[in-house]
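One structure is given here, and the rest of the page talks about it.
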Amino acid sequence: MQTRVIVSAIIEDEDKLLLGKKRENVGPYPNTWHLIGGGINENESLEESVKREIREEAGIEVEVIETLPFDEDYEPNKHGELTHYIFLVYKVKYKSGTPKADDDIKMLQWFPKDNLPINEMNRASVKLFKKIGYIA
């Protein structure tokens, strides 16, 4: 089994959070709402990685506010191979740009913090939101 370290972010704009919905049949976590993020490139800091991933996946610029607790999960990757994911999560603030879904995300949507699509989110995102107190 391979292990992948992923940077991801809770993207805030006032009382809303930006989530991305994965394409159907594209792992990991197909057809679920989740945080925006991805892999880390060589010679790139973690903060640079999360900003780049958000720019690539959502077309927006953000400012890193704080580091959140890391987490892990096991999920088949896009090739169907069970993978150990380690998530390094940041809270970021939306700065500029118009959100536009790209890559393996089919849709982006702002959700009020008190009305997140919990039943349609992947288990790693739900676990994180519970850990930091965004959902009960």
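The values are calculated or read from the model by the stated rules, or taken from the named source; none is laboratory data. The structure presented is a predicted model; accordingly, all values stated were derived computationally and were not measured. Here the Cβ positions follow ideal geometry from the backbone for every residue, glycine too, while neighbour counts run over all protein chains shown.
In the range 119-128, which residues are in contact with a strand residue (DSSP E or B) (Cβ under 8 Å, 6 or more places away or on another chain), within 19 Å of residue 74 (Cβ to Cβ) and part of a helix (DSSP H, G or I)?
Answer for the range 119-128, where residues must be in contact with a strand residue (DSSP E or B) (Cβ under 8 Å, 6 or more places away or on another chain), within 19 Å of residue 74 (Cβ to Cβ) and part of a helix (DSSP H, G or I): 123, 124, 125, 127, 128.
Residue 116 passes all but one of (1) in contact with a strand residue (DSSP E or B) (Cβ under 6 Å, 6 or more places away or on another chain); (2) crowded, with 18+ Cβ neighbours inside 10 Å; which number fails?
Condition (1) is where residue 116 drops out.
Report the residue count in the range 15-34 for those that are part of a loop (DSSP other than H, G, I, E, B) and either touching a residue at least 12 places away in the same chain (Cβ under 8 Å) or touching a Lys or Arg at 6+ places or on another chain (Cβ under 9 Å) (or both).
10
Look through 16, 51, 22 and report the one residue that is at pLDDT below 95 and either in contact with a Pro (Cβ under 6 Å, 6 or more places away or on another chain) or farther than 14 Å from residue 103 by Cβ (or both).
When all the criteria are applied, what remains is 22.
Looking at the range 91-113, which of its residues are among the β-branched types (Val, Ile, Thr), touching a strand residue (DSSP E or B) at 6+ places or on another chain (Cβ under 7 Å) and at pLDDT 95 or above?
92
Can you confirm whether residue 66 is farther than 22 Å from residue 117 by Cα, of a type in the set (Asp, Glu) and modelled with pLDDT of 95 or more?
The answer is yes for residue 66.
Only residues that are crowded, with 16+ Cβ neighbours inside 10 Å and of a type in the set (Asp, Glu): list them for the range 1-43, please.
Matches in the range 1-43: 12 only.
Scanning for something touching a strand residue (DSSP E or B) at 6+ places or on another chain (Cβ under 7 Å), assigned to a strand (DSSP E or B) and not aliphatic (A, V, I, L, M), does the range 43-50 turn up at least one residue?
no
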